[in-house]
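Here the structure is laid out as structure tokens; the discussion comes afterwards.
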Amino acid sequence: MSLPRGSILAAMTTAAPSPPVHSPRLRNWLVAGAVFAAVAAAIIAFGTPYAKRSEMAEAAARGEATLRLAVTALRGHMRRYEALPPLIADDDDIKELLAQPSEERRAAMNAYLKDLNTVLESSDLYVMLPDGDTIAASNHDTPTSFVGENFSYRPYFLDAIAGGQGRFFALGTTSLKRGYYFSAPVRSNGAITGVVVVKVDIEPIEAAWQGAEGDFIVTDPEGIIFMSGRPEWLYSGLLPLTQERLARTAVSRRYANAELRELPIVAEGPAYGQDTMTLRTPQGRRELMVLKEQMPEAGWTVKLLVDTAAIHAQAHTKVAGALLLLLIATLALAIVMQRRGRLAERMALQRAAREDLEQRVAARTADLANVNRRLETEVAERTATEAQLRQTQADLVQAGKLAALGQMAAALSHEFNQPLTAVRTFADNAATLIERGRSDEARETVGRISSLTERMASIARHLRNFARKPNERLGPVPVAEAVRDTLEIVGWRLKAADATLHIDLGETAPVVMAGAVRLQQVLVNLISNAADAVEGLPDRRIDLAARVDGDKVTITVRDRGPGVSQAIAGRIFDPFFSTKGVGKGLGLGLSISYNIASDFGGRLTVANHPEGGAVFSLTLDAATVLAEAAE
Ligand code: ADP
């Protein structure tokens, strides 16, 4: 049984000032154990008496019913014979026998009584004379014949001879068989002439009691057991066998020569709400529940003695069942508490994990925010750097423009110096010729001076064009015109490089949408670069061609120089990209030209001619309306 374990657990929790219990699981088990021990102790202390009381009451109720049935049966059995003696006593043959007890009549009566006894299923039938002698009996022919016996000491005889009906229970002095005696007087002419007795056997009744739940006993008024399912209890007294009692019993010889003794009663009294008595038996003490019912008509007390051992066992079983249920309930409770504990632990773990995750996410977010801030700073720095770069570029473009201006100034001074020197020489010549009177030659010389000034005026006009603002409007520009103006500017450069320029504008003389000055600027750049490329080479030819292709016009400048290598082809349009030595090239020419082409809605590309040399192609929209180039 698990009680001791519960007790130990309870002792552990209550008595031992043990170190604090850290594990919630162990604590749950200890609590469950303590609860079990406490409730189990309460059940044992209060539940056991209650269970016994209720089991006893139940057994008593059952026993009382059995007892009532038994008493009813006993009464019925008695009543069957109660009325017989007066009826038999009224028989004329008996009266005659008593009046004149002849041998014949006795024999006839003996036979009659024997037959009647068989029919009535009684034990014995006999007729007595007023002095108590038995004159005729149903057992006349047996060794224990009553005939001739005197039973005048029996109370049933005394009652009948006195005129009443007698009834008596006793052990037969002759037959040594227990029986119940019913008697009645035989009256003849008003006088009592004898007594008729019917003895009833009670052993069949005892036999019927066998197998009942408990032992039946019937006691007489002196408390002596004369009927019992257990032969060893017969003639035992439930009350102390005092001299008085023994004397009263001896007078009637109720129990003949049977030895009377006291029942070995050790204890008596109520237990668990019922009357009990405890007997000493060879097997030990035996507690019996006593249920009783009076039969006043016979002066008997019928008792049912029920062994309480089974009742106690039943009660103990019930208590054990309750303890088992308690154990199961406690275990279930402990398991539920355990589960809840485990669930709580798991939830706490999950919460901790979630908090950890949240913290990590927060930390990572903070990191990301830092990185973001750094990136923003970097972007701002980059933007500032870019702006600075652009400013620097703008400055450099300005510087490039100034450098170009310087170059142009040098070119212009060269262009102007040549005709000026010629003009001075021609002027000196003319003066000399006039002094000599050679007026015709002088006139010719002056004409030359005039043409030279005309050329200088032309150069000045182009200078004015360069001075123009670049934000001119786009308009139709005849390519031929642009080329002519360009040659005015680059003529000296071609001459310096000793290059020859071959121009082929096709038959249609194309017109493009452009700004005349800027178109000129582009062409100046391309031709200057070509002149640079071929300078010092054996083949110094440069081709300038224009072709109409649908609504586009492509102007190409081809030289026979080294061409543009693949490595630098992608970069030559970048500002400040130059392969020319310091002081020679600024790397702005192609960049400016590229942007101008874009401004015109066209494109500037470079390629290498299969036969060698670079080919720059300027593709522009063809002008649909022929008009004068914007001046
Ligand atoms: P710059 O002439 O001042 O160097 P450009 O922008 O006009 O600047 O030219 C950039 C570079 O392109 C030149 O330095 C040169 O290397 C290359 N380039 C331009 N035109 C030609 C060409 N016709 N043949 C070979 N390389 C050329």
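Numbers for the structure displayed
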item	result
Counted residues, the stretch 117-132 - those being out of contact with any helix residue (DSSP H, G or I) (no Cβ under 7 Å at 6 or more places or on another chain) and free of Cβ contacts under 8 Å to residues at least 60 places away in the same chain	5
Filter result for the condition that a residue is charged (D, E, K, R) and either on the phi > 0 side of the Ramachandran plot or part of a strand (DSSP E or B) (or both), over R547, R560	R547
Lone unmet requirement of (1) assigned to a strand (DSSP E or B); (2) more than 25 Å from A65 (Cα to Cα); (3) touching a residue at least 60 places away in the same chain (Cβ under 8 Å) for L176	(1)
Options A530, A496: the member that is within 28 Å of Q418 (Cα to Cα), surrounded by 20 or more Cβ atoms within 10 Å (Cβ to Cβ) and either free of Cβ contacts under 8 Å to residues at least 40 places away in the same chain or touching a strand residue (DSSP E or B) at 6+ places or on another chain (Cβ under 9 Å) (or both)	A530
Which numbered condition I555 misses (of (1) β-branched (V, I, T); (2) more than 13 Å from the ligand (Cβ to nearest atom); (3) part of a helix (DSSP H, G or I))	(3)
Tabulated pairs, the stretch 319-331, first over 27 Å from R27 (Cβ atoms), second of a type in the set (A, V, I, L, M), C-beta under 6 angstrom, 6+ apart or interchain	V319/A51
Test result for F182, in a strand (DSSP E or B), closer than 16 Å to D90 by Cβ and in contact with a Pro (Cβ under 8 Å, 6 or more places away or on another chain)	yes
Residue match in the stretch 82-101 (condition: under 18 Å from M295 (Cβ atoms) and in a helix (DSSP H, G or I))	yes
In the stretch 594-627, the residues that are part of a helix (DSSP H, G or I), polar (S, T, N, Q) and away from the ligand (no atom under 12 Å from the Cβ)	S598
Candidates D485, D543 - the one that is charged (D, E, K, R) and either surrounded by 22 or more Cβ atoms within 10 Å (Cβ to Cβ) or more than 13 Å from the ligand (Cβ to nearest atom) (or both)	D485
Test: residue in the stretch 573-593 that is under 23 Å from P478 (Cβ atoms) and either within 13 Å of the ligand (Cβ to nearest atom) or at pLDDT 90 or above (or both)	yes
Pair list, Cβ under 7 Å, 6 or more apart: the stretch 274-293 residue within 19 Å of D220 (Cβ to Cβ) and without any contact (Cβ under 8 Å) to a residue 60 or more places away in the chain, other residue of a type in the set (K, R) and assigned to a strand (DSSP E or B)	V290/K303
Pairs, first of a type in the set (G, A, S) in the stretch 595-611, second part of a helix (DSSP H, G or I), C-beta under 8 Å, six or more apart	A597/V522
Some residue of the stretch 199-211 being assigned to a strand (DSSP E or B) and of a type in the set (D, E)	yes
D559 acidic (D, E), in contact with a strand residue (DSSP E or B) (Cβ under 7 Å, 6 or more places away or on another chain) and surrounded by 16 or more Cβ atoms within 10 Å (Cβ to Cβ)	yes
Unmet requirement for I205, which otherwise passes all of (1) over 20 Å from E64 (Cα atoms); (2) surrounded by fewer than 20 Cβ atoms within 10 Å (Cβ to Cβ); (3) touching a helix residue (DSSP H, G or I) at 6+ places or on another chain (Cβ under 7 Å); (4) of a type in the set (A, V, I, L, M)	(1)
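The values are calculated or read from the model by the stated rules, or taken from the named source; none is laboratory data. All of these numbers come straight from a predicted model, not from anything done at the bench. Virtual Cβ from ideal backbone geometry, glycine too; neighbours counted across all protein chains shown.
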